[in-house]
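Just so you know, all these numbers are worked out from the coordinates, no wet-lab data involved. Everything numeric here is computed off the predicted structure, so don't read it as measured data. Every residue, glycine among them, receives a Cβ derived from its backbone with ideal geometry; neighbour counts consider all protein chains shown.
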Amino acid sequence: MPHIHEKIDFTVSIFIVQDQKVLFIFHKQLQRWLPIGGHIELEEHPEQAAIREAKEESGLDVELVGEKSPFHDEPGFVPLMTPSYMDMHLIKEPHWHIGLIYFARVKSGEVRLNTEEHQDIQWLGENDFENPRWELTAPLRFYAREAIKKVENS
């Protein structure tokens with residue numbers, strides 16, 4: 001999706017957990033290991049974006065893990081799941097992303113590589129997070145560990 005604005009976009013990152021491992025992709029354009037994720041499109045809300053990106057980028061159907069408002073849908077009101085975390089991160093000057101961080105578990109599907117956007121896709125466990133081979137930043141390592149805890153305990 002094209003950027004909504006040259007300086008900032010809203011995005012989702014989905015830390016998908018299965019068997020105490022988190023799914024990471026090697027992003028072709030950014031040349032680094034990242035979780036599944038992407039831009040929130042104008043016609044969708046963040047949860048829809050997270051579920052869509054998970055399917056498009058990994059082939060998996062996922063269930064987001066978290067809390068949602070106890071209110072039900074009514075005209076003009078849509079309850080949304082609270083992201084596990086939020087952050088802002090620089091992509092390339094002057095462009096920033098406001099990231100909504102979600103944790104998810106696999107409902108169904110088989111992992112497949114989206115060759116248009118990624119060079120590789122791997123399940124990484126806690127022993128891998130500190131391995132220099134993956135070059136995971138401190139925030140990514142933190143989010144991945146938190147995802148494993150939260151998904152395994154929900």
Alpha-carbon centroids, the stretch 20-58 and the stretch 83-118: separation in whole Å
4 Å
Selected from Phe15, Phe24, Phe77 as most flexible by GNM, with the chain as the system and alpha-carbon contacts under 10 Å:
Phe77
Fewest first, what order do Leu64, Leu90 take by the number of other Cβ atoms within 10 Å?
Leu90, Leu64
Around His118, which amide H atoms from residues at least 5 apart in sequence, or from another chain, sit under 5 Å from its own amide H, with H modelled in the peptide plane?
Lys28
With unit charges on the beta carbon (Lys/Arg positive, Asp/Glu negative), name the residue among Leu80, Val65, Gln48 whose Cα is farthest towards the positive pole of the charge dipole of the stretch 32-83.
Val65
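Express the relative contact order of the stretch 13-154 as a whole percentage, based on alpha carbon pairs under 8 Å and six or more residues apart in sequence. The partial results should precede the final answer.
Working: 251 pairs, mean separation 47.4, N = 142.
33 percent.
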Spelling out what I want: for every residue of the stretch 38-51, take phi, set θ = phi - 60°, compute 6.51 cos²θ - 1.76 cosθ + 1.60 (Karplus), and round to whole Hz; glycine and proline get x.
x, 6, 7, 7, 4, 9, 9, 9, x, 4, 4, 4, 4, 5
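So if I place +1 on the C-beta of Lys and Arg and -1 on the C-beta of Asp and Glu, and nothing else carries charge, what would the dipole magnitude of the chain be about its Cα centre? I want it in debye, nearest 20. Don't skip to the answer; put the middle values down first.
Working: 16 positive and 27 negative charges, 90 e Å.
In debye, rounded to 20, the chain gives about 440.
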If each residue's Cβ is checked for other Cβ atoms within 10 Å, how do Val62, Val151 rank with the fewest at the top?
Val151, Val62
Which residue, Phe129, Tyr102, Ile16, has the largest displacement toward the positive end of the dipole of the chain when charges sit on each Cβ (Lys, Arg +1; Asp, Glu -1)?
Phe129
Would you mind ranking Phe26, Phe103 by Cβ crowding within 10 Å, fewest neighbours first?
Phe26, Phe103
Determine ³J(HN,Hα), in whole Hz, for all residues of the stretch 92-100 in sequence, where each value follows from phi through the Karplus function 6.51 cos²θ - 1.76 cosθ + 1.60 and θ = phi - 60°; x replaces Gly and Pro.
7, 3, x, 8, 10, 10, 8, x, 9
Can you give the three extents of the C-alpha atoms in the chain along their principal axes, from longest to shortest, in whole Å?
49, 39, 27
Once you've got the Cα coordinates, tell me which of Lys21/Lys55; Lys68/Lys107; Lys7/Lys107; Lys92/Lys149; Lys55/Lys149; Lys55/Lys150 are over 25 Å apart.
Lys7/Lys107; Lys92/Lys149
